[in-house]
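J.: Have a look at this one.
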């Protein structure tokens, strides 16, 4: 088996506008759709329940089996009852919230070991917004350039992801861009809302309604749905 596809999503997880992309990710794989809203755990139970219900509705929309895992903390992530549910996954999806909390909660746990193994064996792995940021190796502190970058989950060591790019970063300044590209050699990937970059680890395709921006070596390039991108990861 080879690793499954990766989807880095700018926004719209579990919404009808992204149903086609999610259906393609799980097509030809086991029908178990693992949904992990851990990034939203600091916002409380009502937010976790919101993501759970939204995910279930999307799974029903595309005709697969929803398996929401409400991983609130590292104790949950070490619980074998949760990690055992990953073994026959077709698609594993991290929804939005706090990317730093998501990575810190899952890193070096039984759950992450199971997720990584499932992906290596062909399951699709997706993250939207915070989820997309956490999949990479570096999570920038986008709210303050004075704060240090923190470690992500490490699957994409030379990429930093900026979701909601058209809404939050379209007028990104040179100072912030320089910060985001340190250390040298990193590629900054800006993903517009309702858009996904699907592929991995080096060959990718833009899917969805808007565009993806690649910042590399001081250059900025815009790509649209259907465009292919090669990234040095």
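J.: Helix 45-62 versus the longest principal axis of the chain: what angle, 0 to 90°, nearest 10, using Cα atoms?
T.: Approximately 80 degrees, to the nearest ten.
J.: I'd like the orientation of helix 110-120 relative to the chain: the angle between its Cα long axis and the longest Cα principal axis, in ° from 0 to 90, rounded to 10.
T.: It is inclined by approximately 70 degrees.
J.: Sticking with this structure for a sec: Quickly work out the residue 167-to-residue 219 label distance, labels modelled 7 Å from Cα along the C-beta direction, and quote it in nm with one decimal.
T.: Modelled inter-label distance: 3.1 nm.
J.: Moving on. So for the pair residue 53, residue 19, with labels modelled 7 Å out along Cα→Cβ, what separation do we get in nm?
T.: 1.8 nm
J.: Of 192, 113, 108, how do they rank once you tally other Cβ atoms within 10 Å and put the fewest first?
T.: Fewest to most other Cβ atoms nearby, the residues stand as 108, 113, 192.
J.: Okay, moving on. Taking 0.36 nm per residue of separation and subtracting the Cα-Cα distance, what length does fully extending residue 108 through residue 73 add?
T.: 11.3 nm
J.: In addition: Hey, could you grab the Kirkwood Rh for segment 79-168? Inverse mean 1/r over distinct alpha carbon pairs, Å, one decimal.
T.: One over the average 1/r among Cα pairs gives 13.5 Å for segment 79-168.
J.: Write down the percent of antiparallel bridges among all DSSP beta bridges whose residues are both part of the chain, to the nearest 5.
T.: Close to 50 percent.
J.: Using per-residue counts of other Cβ atoms within 10 Å, averaged over each peptide, order 193-201, 19-27 from highest down.
T.: Answer by packing, highest mean first, reads 193-201, 19-27.
J.: Starting from the 7 Å offset along Cα-to-Cβ, what nm value, one decimal, do you get for the label separation of residue 1 and residue 201?
T.: Roughly 1.7 nm, to one decimal.
J.: Of all the Cα-Cα pairs you can form in segment 1-94, what percent are over 23 Å apart?
T.: That tail contains 22 percent of the Cα-Cα pairs.
J.: Which log10 I(q)/I(0) values, to two decimals, does the chain give at q = 0.11, 0.16 Å⁻¹ under the Debye formula with one point per Cα?
T.: -0.49, -1.09
No value in this document is a laboratory result; all are computed from the given coordinates. Not measured: the values here are computed from a predicted model. For neighbour counting, all protein chains shown are included, and Cβ atoms are generated from backbone atoms with ideal geometry for every residue, glycine included.
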